[in-house]
Amino acid sequence: MGLAIQHLLGLEGISEEDITTILDTAERFHEVLQRDIKQVPTLRGKTVVNLFYESSTRTRISFELAEKRLSASPINFSATTSSVNKGETLRDTIRNIEAMKIDMVVVRHHAAGVPHFLTQCTDAVIINAGDGFHEHPTQALLDMMSIRRHFGRLRGLRVAIVGDILHSRVARSNAWGMRTMGVKLTLCGPPTLLPQHSEALGAKITDNLEEAARETDVLMLLRLQMERQQSGLFPAVREYRSRYGIDLEKMRMLPEHAIIMHPGPVNRGIELASNVADGPRSIILDQVTNGVAVRMAVLYLLGGGDNA
Ligand code: CP
């Protein structure tokens, strides 16, 4: 059981079989994470470099934990304390790291396309941990795992993603992945934060929250990126909150069984009220837990591990 892909650069073009293999393997690792000893020897001897050029809490810690749970050796690179500050190029950085005999690279970068570029500079396996506005594939995989664990399936479910869709790599990866897995997706946000040409994503687009929320099984909120206000893409945080922020009052728009998700970090009191984020219908912390299992699955399947 392997994957057709050699690297994980995004979910665009990834087959239903590969996504299902990753989610099924993640379920096996989820079981490992419930044991007293949460470690397996499957990637012993493999070295993984975590190359983070951008801030991260969940993704960085989750990958490092996943690597340690698989008995791999993680090496953490931080752009702020590296020779990037002395003007070293990305290509030279990766070629120097490769010369130290590494097997896999997990990369987060503010520029879209960097993971793809790295595949041309090194023979190591490349895993995208978020590149610019492009994709964040392991986030979408953990989102789909969380939904599948809650509802027992993905096909036919209705998911609405609300917020700054235009600049969201999370929304883009989820759109590709969910389309492949037969989810009925709605993308909702202010007109200036919605993509103009979304047909390829196979999603319904609306700026009307009630339309997105009233028949959905899952409502996923995105972080409002404050820097977009300076670009004039939305008028005021207060107006955004009043139209798209979810509080207990707006929760009444949703069917009673619908759940709340958010990739984090949450702007409390803007896209989500605290009593919704921490409420009984929120599965936000389950998403974080499932993230470790999904990343173990991706590392294992691409890293050529055995004896899971
Ligand atoms: N969801 C997510 O990517 O969070 P971080 O930016 O903290 O990694």
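We did not get these values from a lab; they are worked out from the coordinates using the rules stated. Please read all numbers here as calculations on a predicted model, not as lab measurements. Methodologically, a virtual Cβ is constructed for each residue, glycine included, from the backbone with ideal geometry; neighbour enumeration extends over all protein chains shown.
Laid out as a table, the results:
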| item | result |
| --- | --- |
| Values of log10 I(q)/I(0), in the order q = 0.09, 0.16 Å⁻¹, for region 1-142 under a Debye, Cα-only, solvent-free model | -0.27, -0.89 |
| Electrostatic dipole magnitude of the chain [Cβ: Lys, Arg +1; Asp, Glu -1; Cα centre; debye, to 20] | 400 |
| In Hz, Karplus ³J(HN,Hα) per residue of region 141-146 (6.51, -1.76, 1.60; θ = phi - 60°; x = Gly, Pro) | 5, 6, 5, 5, 4, 5 |
| Cβ-based exposure ranking for THR138, THR59, in which fewest neighbours within 10 Å come first | THR59, THR138 |
| Nearest-ten-degree value, helix 58-69 long axis tilted from longest Cα axis of the chain | 40 |
| Gain on full stretching of the segment that runs from ASN76 to ARG268 - 0.36 nm per residue minus C-alpha separation | 66.1 nm |
| Length-normalised contact order of the chain in % [C-alpha pairs under 8 Å, at least 6 apart] | 22 |
| Ranked packing of 12-20, 159-167, 76-84, most packed first, by mean Cβ within 10 Å | 159-167, 12-20, 76-84 |
| For region 137-283, size of Cβ-based charge dipole, Lys and Arg +1, Asp and Glu -1, in debye | 400 |
| Rg ratio (alpha-carbon, reference 2.2 N^0.38 Å) - region 211-308 | 1.34 |
| Reachable lysines, given that their alpha-carbon falls under 24 Å from the alpha-carbon of LYS46 and they are not under 8 places away in the same chain | LYS38, LYS68, LYS101 |
| For region 137-283, Kirkwood radius (reciprocal of mean inverse C-alpha pair distance, Å) | 15.1 |
| Extension reserve of the LYS204-PHE133 stretch, reckoned as 0.36 nm per residue once the Cα distance is removed | 23.6 nm |
| Overall form of region 143-185 per C-alpha gyration tensor (a/c, 1.5; a/b vs b/c) | prolate |
| Among LEU302, LEU248, LEU233 the positive-end extreme of the charge dipole of region 196-308 (Cβ point charges) | LEU233 |
| All-pairs Cα distance distribution in the chain, expressed in whole percent, bin size 10 Å | 6, 28, 34, 23, 9, 1 |
| Inter-centroid distance (Cα atoms) of region 244-263 relative to region 90-134, Å | 38 |
| Stokes-Einstein diffusion coefficient of region 144-216, Kirkwood radius over Cα pairs, 20 °C, 1.002 mPa s, in µm²/s | 174 |
